[in-house]
Amino acid sequence: MADFADTWLIEPEAVAEARARAHDSGVEPVSSSVAALLTFLAASVSAQAVVEVGTGTGVSGAALLSGMTPGGILTSIDTEAEYQRYAREAFSALGHEAGRARLIAGRALDVLPRMSDGAYDVVVVDTDRSEYPAILIQAKRLLRIGGLVVFIGVGTDGMLADPARRDAEAGAVKDTADSLRADADWVPALFVDGAGLLVACLTRRD
């Protein structure tokens, strides 16, 4: 079923090129089905302001921009400026104006604390899994009520479901999931297909 979902929607040529650049650079882009889900989630909340942690070569950012409202701004953070250059080229090839993507080269936990409280509709995270718990704290501050946080890759190699995995990344993913389940301010859901997504809606802020 996952293979079928990845071919059900046809991606633009610019996205296919971004995928090829990702593979050439040793970066694992989100699957086509995950990209479609990101577009859907952005559209479902009429996203005008989105934060993405982990730009890669622009595959996920392109999906988010496709679902956002016209004129919406994507802020994408990555430690690799070269990847971000590829992402900007992909966004331009898809017809997005340059001002719709604010690409910041840096470490997420250095950048996120400088961003405005309650100003964002969606926060998407696909980076070092060991940073997920700290990024969750920032996401709760950054999101408006009704906003969404999306953690990508929580199912990779049994990271969340395998009790035998006790490495730092698996522990951080499990801590993030536990925090979302225990906090009544969030309504979480787990999507297990592919690399796995942990999604939560912020319903209130105590």
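The values are calculated or read from the model by the stated rules, or taken from the named source; none is laboratory data. The structure displayed is predicted, hence computed values, not measured ones. All Cβ positions, even for glycine, are placed from backbone atoms using ideal geometry, and neighbour counts span all protein chains on display.
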### Task
Would you tally the residues in the stretch 136-159 being within 13 Å of Ser179 (Cβ to Cβ) and either in contact (Cβ under 8 Å) with a residue 12 or more places away in the chain or of a type in the set (Phe, Trp, Tyr) (or both)?
7
#### Entry: Candidates Ser32, Ser76, Ser46, filtered to the one that is of a type in the set (Ser, Thr, Tyr), modelled with pLDDT of 95 or more and touching a Leu at 6+ places or on another chain (Cβ under 8 Å)
Ser76
### Task
Could you please tell me which pairs satisfy a Cβ distance under 9 Å, a separation of 6+ or placement on different chains, a first residue in the stretch 59-72 that is at positive phi, and a second residue that is in a helix (DSSP H, G or I)?
Gly71/Gly99; Gly71/Arg100
### Message
Just checking, does the stretch 113-135 include any residue being crowded, with 21+ Cβ neighbours inside 10 Å, in a helix (DSSP H, G or I) and free of Cβ contacts under 8 Å to residues at least 60 places away in the same chain?
### Response
yes
### Message
Of everything in the stretch 179-206, what is under 19 Å from the mean Cα position of the chain (by Cα) and either surrounded by fewer than 15 Cβ atoms within 10 Å (Cβ to Cβ) or of a type in the set (Gly, Ala, Ser) (or both)? Give them in sequence order.
### Response
Ser179, Val187, Ala189, Val192, Gly194, Ala195, Gly196, Ala200
